[in-house]
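The values are calculated or read from the model by the stated rules, or taken from the named source; none is laboratory data. Keep in mind it's a predicted model, so treat the numbers as computed, not measured. So basically every Cβ, Gly included, is an ideal-geometry build from the backbone, and we count neighbours across all protein chains shown.
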Amino acid sequence: MRTSLLSVSRSCQAVHRLPQNTFVSPTSSLSRHQRIAVLRNSSSHSCEADRSFYVTTPIFYVNASPHLGHLYSAVTADCAHRYKLLRGFNSKFTTGTDEHGLKIQQAAEAAGKDPLTFCTDVSERFKHLFDSCNISYTDYIRTSEQRHRQAVTHFWTVLCDKGLIYKGSYEGWYSTQDESFLTALQVENALDSSGKEIKVSLESGHKVEWMKEENYMFRLSAFRSQLLDWLRGNPRAVQPEPFHHAVLQWLQEDLPDLSVSRQRSRLRWGIPVPGDAEQTIYVWLDALVNYLTVAGYPDKHDRWWNVAHHVVGKDILKFHAIYWPAFLLGAGLPLPQAIYVHSHWTVGGKKMSKSVGNVVDPLERSQMFTTDGVRYFLLRQGVPESDCDYTDNKVIKLLNAELADSLGGLLNRCTAPALNPAQVYPSFCPRSFPREREGRAVVEDYDMLDAVRSLPAVVERHYESMHAYKALEAIAACVRKTNGFVQRHAPWKLDRRDGEDQRWLDTIIHVSLECLRTYGTLLQPIVPGISNKLLSRLGVRPGERSWADVNFLPRYQGTDCPFEGRALGEDCGVLFTRLESPNLDKQKPKKTKTEISK
Ligand code: MSP
């Protein structure tokens, strides 16, 4: 990456030569205060009331096979979807592939395939990866589908009818790799691999070309103040905060109108402009509408569109937090409730990407480390605010420490026949672990109970803001405390023939199993397979695994525990097998090209 946190392009370009016409913004007759209220209302529809939730991943370009960075976007959104389901929401979760545009057209040509066949092949690879990694999408959209073409055509017509699109002429830099227009300030000189001088995008390093053509322009400039109002009135519209701040900064700069079509002679692979067969709709406008298509646009999108949440990588923030809201405002549609932004996975300090040649294959890694292992690693190590460097050794160390040793070891200890010969959820003895602190439990044990009791609220806060790594940090800390509790009291040293020891031993195991049940329930959005194995081993039935079921250690509060005395589930082996091969760290970039793509 060339720049740090916000290594995303800094403004929205397009030089238009035609004069502004008499367009009147849909809310320009309102006072500033009123406009904020309108925008607030439109974007803060109460999802708590109808308990519906709609989360999207970006749709993935099919010019190359999926890599680990793509899987990260998908796992982040999957975690949000699974979490909402656990909370009893009706959740819709979509992903899919972005198949039009020059980049794909050229990739298909290079592969000697017709574009649709080429797209189908790669789209299937993404789908296969997501299915293998338990990405529980409820819809998979391809922009080459008919339902999408209808939605885009309709959307375009609405913008046109509102006077927001006009014929103009664009002259400026274009990056095909990013499918993005750039100003002179956003490009720099560089040398390609043969030493020839070229221009590249400052932000991505991708080659840019000068283009001059007649096409359609969108009146982006007319939306600057409404976008500012939206962001200022909704401080959580773009999260985490540094990205919100960045968008506000971009909006301080010039916001020229945006070219939203290309000449058909140059770009054949795309949706034609309605009523003008000589022009093709700009791929980003086409792609962004996918979120509406899946929601049921143009006839029946309200239910889902009112509760839309987008997960996006920071490289595509400008498209989602400026272009997309402007298009939506123009079309008279509500804005997304939130845009959650994440940073990048790097290898050797460089953003993982095909053009750099440093991609990590997620399917291969999920075979090496298991699907849940890869999911756990990505969500435990990935920090939305900052880039994270990938190595296999980091994965091995983390998974061995936290899944195999800490969590798996705890389950193993508490369910092993030596300590639990009856293979039941043993009884809790209030006299051994009384609230009055006069039994055998010590002060650290009470601290542990406090920590685990407050864990669901802590985890909830972090899942809600898509900071899964903080949720996992908190869970891992509690798992360590529970291991400490078992270690401290060494139940294997207690004498089963002594009534009091026996009751204390059962209490230790009961408390530990309650901790494990809590961890297993809270971990479901992250590692569904491991959670299922853990909860099944504890004898927790599928209908007892929701957020509301957590209710940690009711016996300590003096109420019944439904699990007490219940037989444990079948022993299906260790929770997570330790990973060997310490020497796996081979993923230096396979071929270290310059950052410049050809
Ligand atoms: N097709 C557009 C998105 C259109 S959405 C209307 C696109 N596709 S992409 O395939 O290039 O990227 C899809 C997602 O993968 C983005 O969220 C992007 O940030 C993410 N990642 C691509 N490389 C990545 C890393 N190296 N690390 C983390 N995520 C990265 O952009």
M352 meets each of (1) within 11 Å of the ligand (Cβ to nearest atom); (2) closer than 21 Å to F181 by Cβ; (3) among the aliphatic types (A, V, I, L, M) with one exception, condition (2)
Expected single match for buried (at least 22 other Cβ atoms within 10 Å of the Cβ), under 36 Å from the mean Cα position of the chain (by Cα) and part of a helix (DSSP H, G or I) among L363, L407 is L407
Counted residues in segment 306-356 being among the basic types (K, R) and over 28 Å from V374 (Cβ atoms) come to 1
Reported set for segment 233-273 where residues are exposed (fewer than 15 other Cβ atoms within 10 Å of the Cβ) and either over 26 Å from H462 (Cβ atoms) or more than 30 Å from the chain's Cα centre (by Cα) (or both) is Q249, Q252, E253, D254, Q263, S265, R266, R268
Exactly one of R497, R461 is within 30 Å of the chain's Cα centre (by Cα), of a type outside the set (F, W, Y) and farther than 20 Å from L407 by Cβ, and that one is R461
So, first residue touching a residue at least 24 places away in the same chain (Cβ under 8 Å) and under 13 Å from S204 (Cα atoms) in segment 164-191, second residue in a strand (DSSP E or B) and among the β-branched types (V, I, T), Cβ within less than 7 Å, six or more apart or across chains; the pairs are A190/I198; A190/V200
When segment 441-457 is checked residue by residue, the ones that are farther than 20 Å from C429 by Cα and of a type in the set (V, I, T) are none
The condition of being aromatic (F, W, Y) and in a strand (DSSP E or B) holds, among Y376, Y323, Y340, only for Y340
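Go through segment 424-474 and give me each residue that's of a type in the set (S, T, N, Q) and not in a loop (DSSP other than H, G, I, E, B).
Hit for segment 424-474 is S454, nothing else.
Condition check ((1) over 36 Å from the mean Cα position of the chain (by Cα); (2) of a type outside the set (D, E); (3) assigned to a loop (DSSP other than H, G, I, E, B); (4) closer than 24 Å to A404 by Cβ) across all residues:
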residue: R488; (1), (2), (3), (4): yes, yes, no, yes
residue: V511; (1), (2), (3), (4): no, yes, no, yes
residue: G520; (1), (2), (3), (4): no, yes, no, yes
residue: I530; (1), (2), (3), (4): no, yes, no, yes
residue: D560; (1), (2), (3), (4): yes, no, yes, no
residue: E564; (1), (2), (3), (4): yes, no, yes, no
residue: C572; (1), (2), (3), (4): no, yes, yes, yes
L419 vs (1) more than 16 Å from the ligand (Cβ to nearest atom); (2) modelled with pLDDT of 95 or more; (3) touching a Phe, Trp or Tyr at 6+ places or on another chain (Cβ under 7 Å): all pass except (2)
Only unsatisfied item for V311, checking (1) part of a strand (DSSP E or B); (2) within 18 Å of L231 (Cβ to Cβ); (3) within 11 Å of the ligand (Cβ to nearest atom), is (2)
Listed by first then second residue, the pairs whose first member lies in segment 123-139 and is aromatic (F, W, Y), whose partner is at pLDDT 95 or above and part of a strand (DSSP E or B), with beta carbons under 7 Å and at least 6 positions apart or on separate chains, are F126/F60; F126/T97; F130/T95; Y137/F93; Y137/T94; Y137/T95
Within segment 80-115, restricting to residues that are among the charged types (D, E, K, R) and buried (at least 24 other Cβ atoms within 10 Å of the Cβ), the one that is farthest from the ligand (Cβ to nearest atom) is K84
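L523: closer than 20 Å to G88 by Cα and free of Cβ contacts under 8 Å to residues at least 40 places away in the same chain, yes or no?
No.
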Restricting segment 129-174 to residues that are in a helix (DSSP H, G or I) and of a type in the set (S, T, Y), the one surrounded by the most Cβ atoms within 10 Å (Cβ to Cβ) turns out to be T153
Residue count, segment 52-79, condition over 15 Å from V383 (Cα atoms), of a type in the set (G, A, S) and more than 9 Å from the ligand (Cβ to nearest atom), comes to 2
Note on segment 219-232: residues farther than 27 Å from Y463 by Cβ and either among the aliphatic types (A, V, I, L, M) or in contact with a strand residue (DSSP E or B) (Cβ under 8 Å, 6 or more places away or on another chain) (or both) are R219, L220, A222, L227, L228
Q. Of the residues that make up segment 352-369, is at least one more than 23 Å from E402 (Cα to Cα) and among the aromatic types (F, W, Y)?
A. no
Filtering helices (runs of 4 or more DSSP H) wholly in segment 203-295 for at least 2 residues that are more than 16 Å from the ligand (Cβ to nearest atom) gives 224-233, 241-250
Wholly inside segment 1-119, helices (runs of 4 or more DSSP H) that include 2 or more residues that are within 28 Å of V307 (Cβ to Cβ) and at pLDDT 50 or above are 68-86
